[in-house]
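Step one of this worksheet: look at the structure below.
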């Protein structure tokens, strides 16, 4: 006799929480995420289907495998994972569980998901994040990103929170740790499709880059013409 798991048919898709690292494609045209454990080498988009990370041909999630997306039921549980040293730069994701899923005591393992909200923590200096900047690591074709304030971004490749949401698409919202949301389409009454939070973040980013360039020019002036070299 073969035992079968009980089936659920909820009226609305379940929701859950997980952590992940934000990533930006090499050409800067796409945004996504990569997991912090199993399957972390495979970036995924805002709306994505799971596959078996072991290369097996069965559909995820398979009952006798540990493939598929993973999330927990409780937001506080996911937030607790951000306390570990290796996960400090990750972001908190609110996800909708789609397709087939297997329910566990703490969460789900499932076939398809939609990332609804990404909550970005503070910059490493403790200030509120204004952008997501190059974190110094990546995957083939993808740059890993981490939260940065306007004063710490300097000349690194970066994208504003609103810009990351637009590149991610599919209704993604990006929220700073302070709770200031940055919707994809901007707030009503925004200029050029952007609202006040997005414009403030863009202005802070531009000012930080200007300060960095002015510092570089000042160093060149101090060294004199020709960098001190004689012909």
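Selection of first residues in the range 132-156 that are on the phi < 0 side of the Ramachandran plot and of second residues that are assigned to a loop (DSSP other than H, G, I, E, B) and surrounded by fewer than 17 Cβ atoms within 10 Å (Cβ to Cβ), restricted to Cβ pairs under 6 Å at least 6 apart or on distinct chains, gives the following pairs, ordered by first then second residue: 134/157; 149/127; 152/125.
When the range 12-37 is filtered for residues that are loosely packed, with under 14 Cβ neighbours inside 10 Å and more than 16 Å from the chain's Cα centre (by Cα), the ones remaining, listed by number, are 12, 27. How many residues, within the range 125-140, are within 16 Å of the chain's Cα centre (by Cα) and either more than 22 Å from residue 173 (Cα to Cα) or buried (at least 24 other Cβ atoms within 10 Å of the Cβ) (or both)? Of the residues in the range 125-140, 9 are within 16 Å of the chain's Cα centre (by Cα) and either more than 22 Å from residue 173 (Cα to Cα) or buried (at least 24 other Cβ atoms within 10 Å of the Cβ) (or both).
Residues are listed down the side, and each one gets a yes or a no for (1) under 22 Å from the mean Cα position of the chain (by Cα); (2) buried (at least 17 other Cβ atoms within 10 Å of the Cβ):
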{"residue": "60", "(1), (2)": "no, yes"}
{"residue": "74", "(1), (2)": "yes, no"}
{"residue": "78", "(1), (2)": "yes, yes"}
{"residue": "81", "(1), (2)": "yes, yes"}
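Within the range 33-44, the set of residues being modelled with pLDDT of 90 or more and either part of a loop (DSSP other than H, G, I, E, B) or touching a helix residue (DSSP H, G or I) at 6+ places or on another chain (Cβ under 7 Å) (or both) comprises 35, 36, 43. Which is on the phi < 0 side of the Ramachandran plot, more than 20 Å from the chain's Cα centre (by Cα) and surrounded by 15 or more Cβ atoms within 10 Å (Cβ to Cβ), of 64, 103? Selected residue: 103, the only one of 64, 103 that is on the phi < 0 side of the Ramachandran plot, more than 20 Å from the chain's Cα centre (by Cα) and surrounded by 15 or more Cβ atoms within 10 Å (Cβ to Cβ).
The values are calculated or read from the model by the stated rules, or taken from the named source; none is laboratory data. This structure is a prediction, so every number in the text was calculated from the model and none was measured. Cβ coordinates were reconstructed from backbone atoms using ideal geometry, including for glycine residues, and neighbour counts include every protein chain displayed.
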